[in-house]
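In what follows, a structure is listed as structure tokens, so that the remarks can point back to it.
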Amino acid sequence: MGLPVSHILMVTGFALVLIGFWGMLGHRNILRIIIGFSLINTGLHLVMVATGYVTGGTAPIIDKALSISEATVRSVDPIPAALVVTAIVIGFSVTAVMLAFAIRIHDARKTLSIDALTESKW
Amino acid sequence: MTKRVFSLLAILVFAFIFAGVAGGYSERQTLSPLARHYLTAVPQDLGGANVVTGILITFRGFDTLGEVAVLFMVAASVGILLGGSPTQNRTNQAPRPSELVENGAKIILPLIFLFGAYVIMNGHLSAGGGFQGGAVVASGVMLLVLARPGTGLHQGFLSVTESLAGVIYVVLGICGLWFAGGFLDSHILPKGEFGSLASAGAIPVISALLGIKVGAELSVVIDRFRS
């Protein structure tokens, strides 16, 4: 018996979050910062899905493999999955707006480096 | 240099917190009472085989409506941000796509759209649903835009389609208020035979509307980014 599956998933998710943070803090290019944000997003989704896993559970879809009476004992928690669908949509929306802003900034400054935007820096 | 050290420090602090969370987590052995309620209520009360779709479309239906509104807002704000920008005349000199993309798209595009429709319509029976299928359809639109840079998406058609889907969605919700237990209650249509395509009350209808709406909205976003 090796490492539990949800632990592997959770550690992977947290590692992705850390890589994303490192990318956001270490890079000056706006596109790379957005990629870092997406990595954080994906990592957190993985962590959320991992918390829904129940040992030995299967997908919460009733079919030949999982009868209605078995559903409450042999299936994983459906709530985190439903929440993550919401989170993915919101993450997509934020990324799309950020990319649109990046395009506007590139139009205005002809560069994607955040060093060009110092007037709002304190 | 000090900046590097500071960001490394921040990462280390986060790593410490995450290690604490992951180390203290033990895999769950039983479901929470709420999850058990959903797992019995969705198949027996609503008649849907996919519990996640049942939660998304009925129990958290209002939330899903809000999500679609967020997507609409994004399409609008991306339009405002990118509309009338000086990059608009750049599309004319877009390079031709490679032979592979151009010919591959001809074969694979109908399959992608078919698969998207399948995922949308089988949301209540198997893995899938409106959001997922809509995203598949939009990825097909993305491929279309890449393979034929000249094709213009009909913005008016897309916005009319998605507004119509949204209006019907809300009307169905209000029907739930009238004929069933509450806003977006899926009991307004008969439950049907468990596991067949026309089952689970209004869930497949709402799922299809969601799929149309999401597909159209994402296509609008893709098109805005292209011009």
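A few points about this structure:
- Helix-derived mean residue ellipticity, 222 nm - over chain B, DSSP H n ≥ 4, -39500 (n - 2.57), to 500: -22000 deg cm²/dmol
- For the range B:146-184 versus the range B:8-63, the gap between their alpha-carbon centres in whole angstrom: 29
- Among the residues of A:67-77, the average count of other protein chain beta-carbon atoms within 10 Å of the residue beta-carbon is 5.
- In terms of its C-alpha gyration tensor, chain B comes out oblate, because a/c is 1.5 or above while a/b does not outweigh b/c.
- The charge dipole of the protein assembly as shown, taken about its Cα centre with unit charges on the Cβ atoms of Lys, Arg (+1), Asp and Glu (-1) only, comes to about 1020 debye.
- Projecting the Cα positions of A:LEU31, A:VAL54, A:MET10 onto the charge dipole of chain A (unit charges on Cβ atoms of Lys, Arg, Asp and Glu, taken about the Cα centre) puts A:LEU31 furthest along the positive direction.
- If the segment from A:LEU31 to A:VAL94 were pulled out straight at 0.36 nm per residue, it would be longer than the present Cα-Cα gap by 21.3 nm.
- Using the Cβ of B:SER77 as centre and a radius below 14 Å, the other residues enclosed give a net charge of +1, where K and R count +1 and D and E count -1.
- Value of relative contact order over chain A, rounded to a whole percent, pairs C-alpha under 8 Å and six or more apart: 25
- When only Cα pairs below 8 angstrom with a gap of at least 6 residues are kept, the range B:109-222 shows a relative contact order of 34 percent.
- Remark: chain B carries a charge dipole of roughly 640 debye about the Cα centre, counting +1 on each Lys and Arg Cβ and -1 on each Asp and Glu Cβ.
- Taking a ≥ b ≥ c as the square roots of the eigenvalues of the Cα gyration tensor, the range B:161-211 is classed as oblate, since a/c reaches at least 1.5 and a/b does not exceed b/c.
- Label-point gap, in nm, between B:LEU9 and B:VAL170 - each point 7 angstrom along Cα→Cβ: 5.2
- Shape call, the range B:92-227: gyration tensor on alpha carbons, a/c limit 1.5: oblate
- Two-site FRET efficiency, B:ARG148 against A:HIS106, from Cβ-Cβ distance with R₀ of 35 Å, rounded to 0.05: 0.85
- When the charge dipole of chain B is built from unit charges on Cβ atoms (+1 for Lys and Arg, -1 for Asp and Glu) and taken about the Cα centre, the candidate among B:VAL141, B:LEU39, B:TYR118 whose Cα reaches farthest toward its positive end is B:VAL141.
- Alpha carbon Rg of the protein assembly as shown, scaled by the compact-globule rule 2.2 N^0.38 Å: 1.11
- Cα-projected label distance for B:ALA19 with A:SER113, points at 7 Å along beta-carbon direction, nm: 3.5
- Charge tally in the Cβ shell below 11 Å around B:ARG96, where Lys, Arg are +1 and Asp, Glu are -1, B:ARG96 excluded: -1
- Simple label model, 7 Å out from Cα along Cβ direction - B:ARG226 to B:MET73, nm: 2.7
- Relative contact order (%) - chain B, alpha-carbon pairs under 8 angstrom, separation at least six: 27
- Between B:ALA165, B:ALA22, B:ALA208, the Gaussian network model of chain B with springs among Cα atoms under 10 angstrom shows the greatest mean-square fluctuation at B:ALA22.
- Available extension along the chain between A:ILE19 and A:LEU3 is 3.5 nm, counting 0.36 nm per residue and deducting the alpha carbon span.
- Candidate lysines - alpha carbon under 23 Å from A:LYS110, same-chain residues fewer than 8 apart omitted: A:LYS121
- DSSP H segments from chain B that extend 30 Å or more along their own axis, Cα-based, with Kyte-Doolittle mean of 0.5 or above: B:2-24, B:61-82, B:99-121, B:155-179, B:203-226
Any read-out appearing in this document is the output of simple, stated calculations on the displayed coordinates, not a laboratory observation. This is a predicted model, so every value here is computed, not measured. Positions of Cβ are backbone-derived with ideal geometry, glycine not excepted, and every protein chain shown enters the neighbour counts.
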